[in-house]
């Protein structure tokens, strides 16, 4: 079996390509593990010992080999060396030894060397041609190093070479992969050149010279041009992978003559065209078909159902449309099905229930509608269901989720589902993420959700759920909850003050915004010791900001905007440890590492490691001065005190917030001058003091020359060149000039960055209603 996750071993790419994975087929592994049956001899030849010692000398770091590789000992007994009975070196295997430096050409003097494996080290420089074009080496693996340069061309007149497996993946090679080189490789079976910087066209002539050629891996390079039709003559080709390049054009007709293909993968290129049903069925041995991230159009042909061995089908992020074919249900070995990011319409066919092995189902970001088929409950091995951002409607009662005992991720947000949440969902005891926000679910939450002992992420924001007190008492049973988003429900209810609400010991993110809740900020929140983000905005909460707020020692994002909070800003708020310390990183310990992160607009399941530290008290009824202690919040990047009843002057200490990017003091009753030192906040990109009673000169230069006049509106006593109002006696403070590019590099992206969770609660809600 080939190229499924069950039949290959993953090789992890280096940091160069952001932790990408490459799968080496079982055939390649078998050849790589092919070791000579010869046994160690009494001693090796002096010539070969000299060649090996020369290799050792040219290393800048030998990884401890020198302890074994000594001139006074038999080299056949050295670490990593295997010899034949005739005292010649057969194998040099030095994997993950920490070797650094150059690969010596002296290894080419090992005239009977068959297997050379120097993978997973830190070797640099070129790859000696004598090794690639050796008459004896049949397995050469130098993957996961820092080798660079180009591969030398082999003259077309060169006699046949012995090389069967060449793995040069995960290095820094560049230039072309010369086609003439492969003409002399009559025994070549596997070529892996992935994760380099090769350019030009994909090489050809593989199969014309090497009839046994079976594997070619060229992904994560910079190849351009079209897919060579010569691959169609590769009668034994089983793997063809060239994803993450710049290939264009359509699939050549000849390619479909390679009927032994099991793994066809070209994701993230610039390919286009349609999937021709009459051609695709020629590849009846396909196990994996991955064409995601291209520009394929048209529909999925019904003949896809004839690919009985298909386990992975990825067509995500193309421009395909139409309804899903009923024939898809005949691909009963499917494990992964990803059609997200297209324009598929219609309903999910009930025949999907025939996919008994299906583990991953991604149909997100399409325009599909209708009710979910009851047959979905027959896909009992499902681990992930991602149907977000469609138009699915109706109740979910048709689907018997209790049969999906393996389900770990269920994402149905931004749809039109109605009714109550089906009780059968709570039978999915392995769920770790349940995303139901932005639908029309109603009623109270069932107590059975407490059965979900592994649940870490739960969002039901923007529905019509009622009884917040009961909801919190139920959810506290989910001891592993890390993120809880329940805003835009419970409209007009009373914020529970019950001190028996506890059990959320692992909760880090809590969103209860947009509920129009009455009452005060409840004391039970003080028990949430691990809380880092708290969103209580858009409610009707009254009373003052409690002094115990500083007890939340990990809190670095607090939003209580748009309430009816009164009193002065307490100085205890200035003692919050995470907002004071610039040295302490804002961090979420997300334990659900396998959850997918949406790379588009929103945070779906994962909070970024480094989060925006923000304090938003805007649109309340706060009075009194801005505390002088405000300057202690040195880690805060966004401070919003707008739309309150604050008085007196802007404290000079606010200028101590040297990392501040957003400062909004608008619509208050502030008096006095704008502190000139504000122009020393070089990160400040969003600033607003409109609708106050400020006076005197506006600082000029730097960022203040980039701000719009409107941020000073409503302050009739202010003057300065930006307002075209002369200051008769006041000096206008100057500041170090920043370019506009420097200022707007941060700009309002920072301002909107503080709302990473609002995608769940506000942005997605707006998007859905606009779309409808």
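Modelling each spin label as a point 7 Å along the Cα-to-Cβ direction, I'd like the residue 356/residue 669 distance in nm, to one decimal.
About 7.6 nm, to one decimal.
Between residue 77 and residue 568, what is the label-to-label distance in nm when each label sits 7 Å out along the Cα-to-Cβ direction?
Result for the modelled spin labels: 8.5 nm.
Sorting check: for 539-548, 140-149, 98-107, which peptide has the highest mean count of neighbouring beta carbons within 10 Å, and how do the rest follow?
Values: 539-548: 16.9, 140-149: 21.2, 98-107: 18.6.
Put in order of decreasing packing, that is 140-149, 98-107, 539-548.
For segment 514-557, compute Rg over Rh where Rg is the Cα radius of gyration and Rh is the Kirkwood radius from the inverse mean 1/r over Cα pairs. Numbers along the way, then the final one.
Details: Rg = 10.7 Å, Rh = 11.2 Å.
Looking at segment 514-557, the ratio lands at 0.96.
Fewest to most neighbouring Cβ within 10 Å: what's the order for 575, 538?
575, 538
Given R₀ = 60 Å, FRET efficiency for residue 523-residue 150 by Cβ-Cβ distance, to 0.05?
Between residue 523 and residue 150 the formula returns 0.30.
If I stretch the segment between residue 270 and residue 400 completely, what's the gain in nm (0.36 nm per residue apart, minus their alpha carbon distance), one decimal? Write out the running numbers ahead of the final one.
Values: separation 130, 0.36 × 130 = 46.80 nm, distance 4.03 nm.
Value of the extension gain: 42.8 nm.
Sort 497-506, 423-432, 252-261 by the packing proxy (mean of other Cβ within 10 Å over each peptide's residues), most packed first.
Numbers: 497-506: 14.7, 423-432: 19.2, 252-261: 17.3.
The most tightly packed comes first, giving 423-432, 252-261, 497-506.
For segment 327-440, compute Rg over Rh where Rg is the Cα radius of gyration and Rh is the Kirkwood radius from the inverse mean 1/r over Cα pairs.
Reported Rg/Rh, Kirkwood definition of Rh: 0.92.
Between segment 50-106 and segment 647-687, what's the alpha-carbon centroid distance in Å?
Cα centroid of segment 50-106 versus Cα centroid of segment 647-687: 66 Å apart.
What's the FRET efficiency of residue 540 with residue 391 using the Cβ-Cβ distance as r and R₀ = 56 Å, to the nearest 0.05?
Details: r = 33 Å, r/R0 = 0.59.
FRET efficiency, residue 540 to residue 391: 0.95.
From the mean inverse distance of alpha carbon pairs (Kirkwood) and the Cα radius of gyration, derive Rg over Rh for segment 460-511. Don't jump to the answer; show the numbers that get you there.
Numbers: Rg = 10.8 Å, Rh = 11.5 Å.
For segment 460-511, the value is 0.94.
Using R₀ = 30 Å, calculate the FRET efficiency as 1/(1 + (r/R₀)^6) where r is the Cβ-Cβ separation of residue 380 and residue 343; round to 0.05. Please list the in-between numbers first.
Working: r = 30 Å, r/R0 = 1.00.
It comes to 0.50.
Take the alpha carbon gyration tensor of segment 64-202, find the square roots of its eigenvalues, order them as a ≥ b ≥ c, and report rounded if a/c is under 1.5; if not, report prolate when a/b exceeds b/c, else oblate. List each step's numbers first, then the result.
Values: a/c = 2.35, a/b = 1.41, b/c = 1.66.
It is oblate, given that a/c is not under 1.5 and a/b is not larger than b/c.
What is the list of residues in segment 459-474 whose amide nitrogen lies under 17 Å from a point 7 angstrom out from the Cα of residue 420, following Cα to Cβ?
Label zone hits: 464-472, 474.
Mind checking the full-extension length gain between residue 112 and residue 724? Use 0.36 nm per residue of separation minus the Cα-Cα distance, one decimal, nm. Don't jump to the answer; show the numbers that get you there.
Working: separation 612, 0.36 × 612 = 220.32 nm, distance 8.59 nm.
Extra length from residue 112 to residue 724 when fully extended: 211.7 nm.
Separation between the residue 201 and residue 176 pseudo-spin-labels, each 7 Å from Cα along Cα→Cβ, expressed in nm?
0.9
Once the piece of chain linking residue 284 and residue 466 is laid out straight, how much longer is it, given 0.36 nm per residue of separation minus the C-alpha distance between them? Each step should come with its number before you reach the end.
Values: separation 182, 0.36 × 182 = 65.52 nm, distance 5.27 nm.
Full-extension gain reported as 60.3 nm.
Coordinate-derived values only; no laboratory data. Not measured: the values here are computed from a predicted model. Cβ: placed from backbone, ideal geometry, glycine included. Neighbour counts: every protein chain shown.
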